[in-house]
Amino acid sequence: MRKFIIAIFCIIAFFLEAVFFGSVGLRNFRPDAIIALLVSLGVLMGWAPTMLIGVALGLLLDILCNKYIGLSSLGFIIAAHAGGFFFEKYYADNLIIPSVTAAAVMFLKEHLMLFVMLLTGGRVSSYPMLLLVHMLPASILTGLLCMFFHLILRRTAFAPGRRRSMKR
Amino acid sequence: MKKGFLKSKPVLVTLIAVVLLVVLIVISSRSKSANPGENAAGSIFSPIQGFAVRVSNGISNFFGNLFNTTDADVENARLKAELAQHNQTLLDLDEAHRENERLRELLNYAGSLGDGEYVTAAVIGKSTGIWFDTFTIGAGRNRGIDVNMPVICANGLVGVVSEVGANWCKVTSIIDPDMAVPVMIERTRDGCMVRGVLDTVAADKQMELYYLPADRTDLMPGDIVMTSGIGGIYPKGIRVGTVKEVMTSTGSGVNAIITPAADFLHIEEVMVIIGTAGEG
């Protein structure tokens, strides 16, 4: 049942990221739904399974939508590790830790993307504006989305009754 | 020793994954044709992606319609349901009508460019994030599409095919930060280049015009910029955009800011030019 719920969440996050945000024309103020989900999953079930999910989602996302295959997966690996760092260290009910972590990971991932873009010959009109208009709002939105995902995940797939089986 | 290895296991696994991914990024940036794995995944998922795009558009239209309704009768539950039904029918009709209009405009524009072979395809995916501007369309090698074929919409040039799969292909937009297109000013016939630039402040997507000869300073806002045909990828005469702002200082090498002709936020169908008149 847990695997099924996680799969449903993965499909929803993938749909939001690959189709919905693009089709409604979200540009600067756009969260990363997959990072939000992966950080929450990392906190709830550790880095290893989360990284596997992240790499798979990232590769599929890049094949279907993006320019460089593997680039998204790199960002998702960071998300899995950042979330996994807090696995079994804090109460899973804590919403602040995953949301702040997701925002920080988003901020880091956007800098990774900026670095790759500059490396491949791209140009940016103004870094401070980029930071202010895109990176910070996107990071905050990702943190809020992570809070939402975490809230639902801990009450469904990782509800107290089910949480026991998660520990080795 | 064993304990140390176990402790560093996450680091080792991650390092291996990162190295493999970096190799994959480098390979994918150099390869213009989809590899078998990529091709299989793209072929399987692109029809699903097309369906998901239609669902997403439906959701977006539905909520857009709800927010625009101001009739007091909608407070009544029964009328609400009826209204929603009628609205859905109207939306379907409206959507079909708009699609018809868009395709007609596209055909008219293609006709104005002269004889050539075109393939019409729907946009089924857009790149995530703001860093790169690529999109996926639902036609590929099965329809005769190959890399470096120009892609247009009813308003003008959209981009170039950068990767091809069996029934899908990826198009790099002309506004992508590492794209450059040889162009000329329609009024003065001066040749120059335009390139994409990442600008988060401007409401519309923008491009930069550069390499304009130093003695040609009579550029004016509103001047039309079109492809020059140099380089062999883009046929001559396709509209690229209009001059929005002429730069007085050319210290950066940029002569003007260009507003693209195509509306990149609302592209739904495009045409790939697979052959031009006179080609054998």
- Item | Stokes-Einstein diffusion coefficient of segment B:113-238, Kirkwood radius over Cα pairs, 25 °C, 0.890 mPa s, in µm²/s | 157 µm²/s
- Net charge over other residues, Cβ less than 14 angstrom from the Cβ of B:Met226 (K, R count +1; D, E count -1): +1
- Evaluate E = 1/(1 + (r/R0)^6) for B:Ile16 and A:His111, where r is the Cβ-Cβ distance and R0 equals 30 Å; express this FRET efficiency to the nearest 0.05. 0.80
- Message: Restricting to DSSP H runs of at least four residues, report the calculated mean residue ellipticity at 222 nm for chain A, -39500 (n - 2.57) per run over all residues, nearest 500 deg cm²/dmol.
- Response: -21500 deg cm²/dmol
- Message: Here is the link list: A:Lys109/B:Lys126; B:Lys126/B:Lys236; A:Lys67/B:Lys205; A:Lys67/A:Lys109; A:Lys3/B:Lys126. Which ones come out longer than 24 Å on Cα distance?
- Response: B:Lys126/B:Lys236; A:Lys3/B:Lys126
- Please average, across the residues of A:112-123, the number of beta carbons from any other chain that are within 10 Å of each residue's own beta carbon, and give a whole number. 5
- Query: Between B:His266 and A:Asn94, what is the FRET efficiency for a Förster distance of 35 Å, r being their Cβ-Cβ separation, to the nearest 0.05?
  - Reply: 0.25
- Message: Give me the percent relative contact order of segment A:38-166, please, defined on Cα pairs under 8 angstrom at least 6 residues apart.
- Response: 29 percent
- Output ordering of B:161-174, B:235-248 (per-residue mean of other Cβ within 10 Å, highest first) is B:161-174, B:235-248
- Task: Starting from the exponent 0.38 and prefactor 2.2 Å, build the expected Rg for segment B:180-260 from its residue count and divide its actual Cα Rg by it.
- Result: 1.00
- Note on the structure: Averaged over the residues of A:67-80, the number of partner chain Cβ atoms within 10 Å of each residue's own Cβ comes to 6
- Summarise the partner chain shielding of B:13-23 as one whole number: the mean count of Cβ atoms from other chains within 10 Å of each residue's Cβ. 4
- Item | Theoretical gain in end-to-end length, B:Val246 to B:Ala122 [0.36 nm per residue, Cα-Cα removed] | 41.1 nm
- The answer for the net charge of residues other than A:Ile35 whose Cβ lies under 12 angstrom from its Cβ, with Lys and Arg +1 and Asp and Glu -1, is -1
- A:Phe85 versus B:Leu93, label points 7 Å from Cα toward the beta carbon: distance in nm? 5.8 nm
- Note on the structure: Computed from the beta carbon distance with a Förster radius of 45 Å, FRET efficiency for A:Leu151 and B:Ala40 to the nearest 0.05 stands at 0.75
- Query: Expressed in whole Å with the largest first, what are the equivalent ellipsoid semi-axes of segment A:2-161 derived from the C-alpha gyration tensor as the square root of 5 times each eigenvalue?
  - Reply: 26, 16, 14
- What ranking of A:Phe4, B:Phe135, A:Phe87 emerges when the number of other C-beta atoms within 10 Å of each C-beta is taken as an exposure proxy, fewest first? A:Phe4, A:Phe87, B:Phe135
- When only Cα pairs under 8 Å and 6 or more residues apart are kept, what is the percent relative contact order across segment B:180-260? 30 percent
- Label-point separation (nm) for B:Val55 and B:Glu101, each offset 7 Å from Cα along Cα-to-Cβ? 2.8 nm
- Item | Around B:Ser46: net Lys/Arg minus Asp/Glu count, Cβ-Cβ under 15 Å | +2
- Message: Suppose the chain between B:Ser29 and B:His86 were pulled fully straight at 0.36 nm per residue; how much longer would it get relative to their current alpha carbon spacing?
- Response: 15.7 nm
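None of the figures in this text is laboratory data; all of them are computed from the coordinates on show. Remember, it's a predicted structure, so these values are computed and weren't measured experimentally. FYI the Cβ positions are ideal-geometry reconstructions off the backbone, even for glycines, and counts take in every protein chain you see.
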